[in-house]
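Novice: Below is one structure. I have some questions about it.
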Amino acid sequence: MKNSKKLGQTIYLKECLRDSYFTLLDDKHVDSISVSEIVKLAGVSRMSFYRYYQTKEDIVKQYINDSFNDFIGTIREDQIKDPQVAATVFFSYFRTNKLRIKVLIKQGLFHLFFDSFSNFLLESNLIIDSHPDIADENLKYYYEYASGGILNLAKGWVLGEMNESDEEMAAVLRKIKVAQGDKYQ
C-alpha cells in the first residue's frame, strides 16, 4: 500500500513538472525557461525536480518515452499484428499530441524524438512484422534509418496541419516502405 501511494505521488509530481514545462514552452523560448520557473508553476520544490530529472530536456525525454511505452502497450494489449493498424495508431498518437509536438518543433526540441524512437521502432516492429530481412548485426542501422524517415514524415504532417486522416498517413507510410523496397532490389 505504501509503495503504491509513493508511486502515485511520483507520477503526479512528474505530470505536474511536465505540464508546467510545456505551458512555459508554449509562451517562452526554451533557453529562457529556468528550473525555478518550472517548479514554481508546478507548485513543487526544486528538490522534487532534481529527484527525477537532471535537465529540462529530461522532462521531454520522459514524455516521449512514456508515450512510446504506451504505444507498445497498446500494440501488445490489443494484439495488433497488422502493420497498417499499428501505423494508424502511431499517427493517431501524433494527432492526439499535436499541440505538444508543435511546441517541441517550434522550440527546436523535436530531435529528442530520435533518441528513443529507433529503439521503440525496433521493439514495435518485432511485435508487428517480426524483423525485416536484414542481418542481425545491421538491424540497429536499419531502425535508425527507418526512424529518421518516419519521424520526418510525421513532423511534416503535423506542420502541414494534418489534413490527411491517420489511416491515410498509415497508407502513405506503407506505400513509401514498399517503394523503397522495390527501389533497392
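No lab work stands behind these numbers, since they all come straight from the coordinates. Just so it is clear, the structure is predicted and the values come from calculations on it, not from any experiment. When we count neighbours, we look across all protein chains shown, and the Cβ atoms used for this are built from the backbone with ideal geometry, even at glycine.
Novice: If you plug each phi of region 158-171 into the Karplus form 6.51 cos²θ - 1.76 cosθ + 1.60 with θ = phi - 60°, what whole-Hz ³J(HN,Hα) values come out, in order, with x for Gly and Pro?
Specialist: Residue by residue, region 158-171 yields 4, 5, x, 6, 6, 5, 7, 6, 4, 5, 5, 5, 4, 5 Hz.
Novice: May I ask you to compute the full-extension gain from Tyr12 to Arg174, defined as 0.36 nm times their residue separation minus their alpha-carbon distance, rounded to one decimal in nm?
Specialist: Length difference between fully extended and current span is 54.5 nm.
Novice: Separation between the Asn119 and Ile134 pseudo-spin-labels, each 7 Å from Cα along Cα→Cβ, expressed in nm?
Specialist: Taking the two extended label points, one gets 1.8 nm.
Novice: Modelled label-to-label distance, Asp27 and Arg76, 7 Å Cα→beta-carbon offset: nm?
Specialist: Rounded to a tenth, the inter-label distance reads 3.9 nm.
Novice: Which whole-Hz ³J(HN,Hα) couplings does region 102-118 yield from phi under the Karplus relation 6.51 cos²θ - 1.76 cosθ + 1.60, θ = phi - 60°, glycine and proline marked x?
Specialist: Coupling constants for region 102-118: 4, 5, 5, 5, 4, 8, x, 10, 4, 4, 5, 5, 5, 4, 10, 5, 5 Hz.
Novice: Using all alpha carbons of region 1-118, what is the percent of pairwise distances in each 10 Å bin, ordered from the shortest bin to the longest?
Specialist: Pairs per bin, as whole percents: 12, 39, 32, 15, 2.
Novice: Restricting things to alpha carbons, tell me how big region 56-183 is in terms of Rg and Dmax, in Å.
Specialist: Just the Cα atoms of region 56-183 yield Rg and Dmax of 14.2, 43 Å.
Novice: Return one number: the angle in degrees, 0 to 90 and rounded to the nearest 10, between the long axis of the Cα atoms of helix 83-96 and the longest principal axis of the Cα atoms of the chain.
Specialist: Approximately 30 degrees, to the nearest ten.
Novice: Same structure, new question: Per the helix-only calculation at 222 nm, which mean residue ellipticity applies to the chain, given -39500 (n - 2.57) for every DSSP H run of n ≥ 4 and division by its residues, nearest 500 deg cm²/dmol?
Specialist: Theoretical 222 nm ellipticity from helices: -25500 deg cm²/dmol.
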